[in-house]
Structure formats: C-alpha cells, structure tokens
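The values are calculated or read from the model by the stated rules, or taken from the named source; none is laboratory data. The model shown is predicted, which means the values in this text are computed figures rather than measured ones. Neighbour counts run over all protein chains shown; Cβ positions are idealised from the backbone, glycine included.
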Amino acid sequence: MHHDVIAPADDPQPGEPLLTHVMTARTRLLAPEPLASIRTRTAKQLDLLPPSLRALAPAHKPFLIEIAPALRALAARMDSALDGHPPRPQQG
C-alpha cells in the first residue's frame with residue numbers, strides 16, 4: 001500500500017476501492033457482512049500500513065493521498081458552473 005487515490009466512482013483506479021456502494025433508496029444492496037469478517041479484513045489492511053503510520057506519534061513521512069485528474073476536472077466544471085454563486089441548499 002503506497003498511497004490512496006480519491007476519484008469519482010466512474011473513474012476506476014488500480015487497487016481496491018476504499019468505499020463500496022451498499023445502499024440505494026434506503027434498500028440494502030448486499031447481505032450484512034459478519035463482524036468476524038470485518039475484523040479480519042481490517043486487521044489485514046492495518047498490517048499493510050508501514051509501522052510509522054500505525055504508531056500513535058505523527059508519521060515522519062505522511063501517507064500520500066492523490067486526487068485523481070477526473071475528480072479535479074469535475075471540481076473545475078462545478079466551480080465554473082457556479083460562476084461565483086454559492087450552491088443552493090438541497091431540499092430534504
């Protein structure tokens with residue numbers, strides 16, 4: 001594990017996604033994962049981190065987070081579309 005990439009869902013990246021789509025319109029898409037399997041997966045992922053990132057002290061070399069070009073382009077399009085106007089609150 002060298003770094004993470006933040007990208008839109010429609011911009012596939014190499015590696016394993018950090019987030020998965022589990023619900024749509026208040027409906028579960030997958031069966032609940034057993035707690036034991038979550039614990040095992042989490043332990044394996046933590047073991048992949050270098051010791052400096054698992055320590056309580058700040059890491060000397062921070063973990064790299066990359067913003068994908070597609071997400072930067074999307075942000076630029078949104079900024080341009082807003083043209084200096086603040087976004088309107090969503091109706092809930």
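I need a count of the residues in segment 55-77 that are surrounded by 10 or more Cβ atoms within 10 Å (Cβ to Cβ), at pLDDT 85 or above and within 20 Å of the chain's Cα centre (by Cα).
Counting residues in segment 55-77 that are surrounded by 10 or more Cβ atoms within 10 Å (Cβ to Cβ), at pLDDT 85 or above and within 20 Å of the chain's Cα centre (by Cα) gives 11.
Closer than 19 Å to H2 by Cβ and either in contact (Cβ under 8 Å) with a residue 60 or more places away in the chain or not charged (D, E, K, R) (or both): does that describe P32?
Here the answer is no, as P32 does not meet what is asked.
Can you give me the number of residues within segment 18-41 that are within 15 Å of the chain's Cα centre (by Cα) and modelled with pLDDT of 85 or more?
Qualifying residue count, segment 18-41: 2.
Can you name every one of the helices (runs of 4 or more DSSP H) wholly within the chain that holds 3 or more residues which are among the charged types (D, E, K, R)?
35-48, 69-82
Look through segment 1-15, keep the residues that are over 20 Å from R54 (Cα atoms) and of a type in the set (D, E, K, R), and return whichever of them is surrounded by the most Cβ atoms within 10 Å (Cβ to Cβ).
By that ranking, first place goes to D11.
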